[in-house]
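Beneath this line is the structure, given in structure tokens, with notes to follow.
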Amino acid sequence: MARRTIGIALNGVTGRMGYRQHLVRSLLAIRDQGGLPLRDGTRLWPEPVLVGRSETKLREIADRHGLTDWTTDLTAALARPEVEVYFDSQVTAQREKALRAAIDAGKHIYTEKPIAEDLATAVDLARLADAAGIKHGVVQDKLFLPGLRKLARLVEGGFFGRILSVRGEFGYWVFEGDWQAAQRPSWNYRAADGGGITVDMFPHWHYVLEQIFGSVKAVTAHVTTHIDRRWDEAGEGYDATADDAAYGIFEIEGGIVAQINSSWAVRVYRDELVEFQVDGTEGSAVAGLRECRVQHRATTPKPVWNPDLPATEDFRAQWQVVPDNEEFDNGFKAQWELFLRHVAEGAPYTWDLWAGARGVQLAELGLKSAREGRRIEIPEL
Ligand SMILES: NC(=O)c1ccc[n+]([C@@H]2O[C@H](COP(=O)([O-])OP(=O)(O)OC[C@H]3O[C@@H](n4cnc5c(N)ncnc54)[C@H](O)[C@@H]3O)[C@@H](O)[C@H]2O)c1
């Protein structure tokens, strides 16, 4: 079968997301399955060019996976004609400069979220990319997770009747780093380095809400830094200047109210690290990363409030598991495949830099809402 190679410069590949999700679980997994089958029968073969700051780390990753193409010179990588796509999973603060260079070089771009640190930059990048006539995309991985795919399927099938509200709970305890090492990179906890849970998570909540329920019309947020002292990768203490918890209310078209708590200072008493409960007139659902459970109007119990009596019902047992009914691949890989098809054969693709900019806008307005202590309506971009 004919094979077409597509060069992809991967910048930030030594990081958590770049290495595990994008290189190993997505691009190398696509190679392991023999490439990506296209409509015309050819197989698209991703050829990663690893880009980063540390020769040692790049060489080590290349060796581990039988790759040979790596460089610390982004400009040189972007000058190569066989490199058609630039992918960015660097720390957020480094993204803008690299995306601009890639757009200038005429490469298609695919990037981690948030696409920029502020809305003005995000919009500028989207405009530049459109003007350059390149194809562009932003990672919106949560949409491709089994739990959320099943939730979207319920919405599409009309299961809920009129949807009333969405309650999201995201978070876990991120260790401070003194007693036990922190399980997230320290830049996330320093505002000056692009950290903060609002800029990290509101872009995710934006596309989840927009794509599954409808456009987000207003935000009210309370944002705080619960843990203000942390210890970095080298064991050095630092002041945590970025927010580590964001409590948001999002008003969605059609009167749906979504409340989502995001926190790195919460201990998990849930089935999954993120869960959304959706209540509608005809039924309710609780979706996590993998699972989704429902309760229909007809099987809804009628609890009566009486604090004098112990709870007699096992409320959790009254929900039904939504079956998979299809095979779910890794969410990052599933989205890579769609983006690569978009580049290689013009397949439709909706998650572009404008979608990324709307996510940045929600984070920016959420922070403004918190600063000013008020509800903020979200203008259309
Ligand atoms: N889609 C998701 O679910 C998801 C999850 C986590 C993070 N992210 C995003 O992915 C990006 C990377 O996050 P991560 O958790 O992989 O971070 P990380 O710290 O593990 O990796 C950061 C990468 O950026 C590189 N880098 C370039 N310039 C740097 C500099 N000046 N300082 C530090 N590192 C620099 C590092 O070498 C490394 O390769 C962020 O933009 C983050 O918002 C997305």
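The values are calculated or read from the model by the stated rules, or taken from the named source; none is laboratory data. Everything numeric in this text was worked out from a predicted model, so none of it was measured. Neighbour counts are summed over all protein chains in view; Cβ atoms, including those assigned to glycine, are modelled from backbone coordinates with ideal geometry. Side chains are part of the model used for accessible areas, which takes the heavy atoms of the whole protein and leaves out ligands, DNA and RNA. Shrake-Rupley method; radii C 1.70, N 1.55, O 1.52, S 1.80 Å.
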Next item on the list: For LYS368, list the lysines whose Cα falls under 17 Å from its own Cα; do not include residues on the same chain fewer than 8 positions away.
Entry: LYS217
Item checked: the stretch 294-374, accessible surface, carbon-and-sulfur percent (1.4 angstrom probe) -> 53
Next item on the list: Using DSSP, restrict attention to beta bridges with both residues in the chain and report what percent are antiparallel, rounded to the nearest 5.
Entry: 60
Next item on the list: Specify the residue with the greatest mean-square fluctuation among SER262, SER369, SER54, computed from a Gaussian network of the chain linking alpha-carbon atoms under 10 Å apart.
Entry: SER54
Margin query: Given points 7 Å out from each Cα along the Cα-Cβ axis, report the ASP271 to ARG297 separation in nanometres with one decimal.
Written below: 2.4
Notebook entry, point to check: What's the angle, to the nearest 10 degrees (0 to 90), between helix 95-104's Cα axis and the longest principal axis of the chain?
Noted result: 50
Notebook entry, point to check: Among the trypsin sites (Lys or Arg not before Pro) within the stretch 295-381, which fall in a DSSP loop and have no more than 10 other Cβ atoms within 10 Å of their own Cβ?
Noted result: ARG374
Note to self: With a 1.4 Å probe and all protein chains left in place, how much of the accessible area of the stretch 1-149 comes from carbon and sulfur atoms, in whole percent?
What the structure shows: 47
Next item on the list: Apply the Karplus parameterisation 6.51 cos²θ - 1.76 cosθ + 1.60, with θ equal to phi minus 60°, to every residue of the stretch 312-317 and state each ³J(HN,Hα) to the nearest whole Hz, in sequence, with x for glycine and proline.
Entry: 9, 9, 8, 4, 5, 6
Checklist line | For GLY195, distant residues with modelled amide H under 5 Å away | finding: ARG190
Next item on the list: Show the residues, 5+ positions off or on another chain, whose built amide H is closer than 5 Å to the amide H of LYS217.
Entry: GLU251, ILE252, GLU253
Item checked: Kirkwood Rh in Å, taken over the stretch 126-256 so that all alpha-carbon pairs contribute -> 17.3
Next item on the list: Would you mind getting me the FRET efficiency between LEU381 and PHE328? Use the beta-carbon distance for r and R0 = 41 Å, nearest 0.05.
Entry: 0.85
Margin query: Rounded to the nearest 10 Å², what accessible area does GLU156 have for a 1.4 Å probe in the complete protein model?
Written below: 140
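Counting only chymotrypsin sites (Phe, Trp or Tyr not before Pro) that are in a DSSP loop and have at most 11 other C-beta atoms within 10 Å, tell me the longest site-free stretch of the chain.
Longest stretch, sites excluded: 1-178.
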Item checked: Estimated 222 nm signal from helices in the chain, with DSSP H stretches of n ≥ 4 weighted -39500 (n - 2.57), rounded to 500 -> -8500 deg cm²/dmol
Check: Rolling a 1.4 angstrom probe over the protein heavy atoms, how many square angstrom per residue are accessible across the stretch 203-271?
Finding: 44
